[in-house]
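Presented below is the structure to which this report refers.
The values are calculated or read from the model by the stated rules, or taken from the named source; none is laboratory data. Since we're looking at a predicted model, the values are computed, not measured. Backbone-built Cβ (ideal geometry, glycine too); neighbour counts: all protein chains shown. Accessible surface is based on the protein model in full, side chains and every heavy atom, while ligands, DNA and RNA are left aside. Shrake-Rupley method; radii C 1.70, N 1.55, O 1.52, S 1.80 Å.
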Amino acid sequence: MPAGPLQEVELGDDWAPFILQDSSGPGDPTAKPNAYRETFVALANERVDPDGLPPKRGEHNYLEVFGIPSALSVLRARVEDDLLPDRQACYAAVDADGLRAFTGTVAYLDRDRARRDFAEAARDSDWIDRELGAHIPFSRDGTVDLLRAEPKTRARAERFLRGQARLRAVRAAQARLTCEGLLGPRAPIGRTHYTDGMFDLPTHEALADWERKNDLFGWGFLGGETAAGLLRPPAELHLETFRRILAERVADAAAIVEDGSADHLQPRPTYSDEAGQTHPIPNLIAAHVDALAAALGVATPADLARFLPAH
């Protein structure tokens, strides 16, 4: 059976969607420059910040959630940075168990609330230490268990446990964000200093950037999908970013919109082919991305790390 026509997909750094092209095709007599195309490309390549100014140290454009996916050269730089030995060691040192054990949500409301929560956890910890001295030879855990068994001290002992779990999870998140340069010494101005264990404004802003970097629609709060994502290896997240970039390019090239978003509807939407046969509406974009990734030889994070520098 002869192969069908091949679809060309533009992967270059100067790509912009069809709506921003200067014309509808070669020889178009109505062609005129699109005023926003140059801005779109500059933002995708991080040549300018969202205000149109040169980016400052540590700043990046995480604009995928706003319809401007990064250029592949930008993704290549992220992948290569994460392969550096010191970055790998940094990720390995993150307290993943602390994040994994946390089941709540830490939200940022304002500076005063963040300080109160942090100070409360510190006071509860000091209280446990004093009680520990009064309950020798019990261990710290044994002392907490005793206090939880007493009606008068149960509420504070349980608050102590919640506060310590929160502190540990926040410290783990801060460590991960520091590895990625979103918090700490390599971060943008305003996030170089933060309080260890406090969900302060720099931590909140760094986490919101991390969500945008990975196309998560969150509020910069620690919990749920965001906490689960922080537990995933960065290389896996880069591969997903790569596939989303391919999805934008292939959907534009093939002029398709079926992205699987109708799969949850009941009854599932269908269409009829030329022969009158009924079929469920497919996820055409995912199928095209699978085919394109296979053609590029990129199925794993290791494949991606080899592919990007080679092209």
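ALA228 satisfies every condition listed in (1) open to solvent by less than 60 Å² (accessible area, probe 1.4 Å); (2) closer than 25 Å to ARG212 by Cβ; (3) in contact (Cβ under 8 Å) with a residue 60 or more places away in the chain except (3). Residues satisfying the criterion are present in the stretch 196-208 (criterion: open to solvent by less than 50 Å² (accessible area, probe 1.4 Å), under 24 Å from PRO85 (Cβ atoms), assigned to a helix (DSSP H, G or I) and of a type in the set (A, V, I, L, M, F, W, C)). Find the residue count for the stretch 28-37, including only residues that are exposed (fewer than 15 other Cβ atoms within 10 Å of the Cβ) and either charged (D, E, K, R) or within 12 Å of VAL74 (Cβ to Cβ) (or both). Of the residues in that region, 2 qualify. Residues in the stretch 180-193 that are within 26 Å of VAL79 (Cβ to Cβ) and open to solvent by 50 Å² or more (accessible area, probe 1.4 Å): PRO185, ARG186, ILE189. Residues in the stretch 260-302 that are assigned to a loop (DSSP other than H, G, I, E, B), touching a residue at least 12 places away in the same chain (Cβ under 8 Å) and within 23 Å of ALA235 (Cα to Cα): VAL298, THR300.
Does LEU11 fit the bill of being part of a loop (DSSP other than H, G, I, E, B) and either within 17 Å of LEU246 (Cα to Cα) or in contact (Cβ under 8 Å) with a residue 40 or more places away in the chain (or both)? Taking the combined requirement at face value, the residue satisfies it. Elements of the type helices (runs of 4 or more DSSP H) sitting completely within the stretch 46-149 and holding at least 1 residues that are among the hydrophobic types (A, V, I, L, M, F, W, C) and either without any contact (Cβ under 8 Å) to a residue 24 or more places away in the chain or over 26 Å from GLY184 (Cα atoms) (or both): these cover 72-82, 85-92, 111-134, 140-149.
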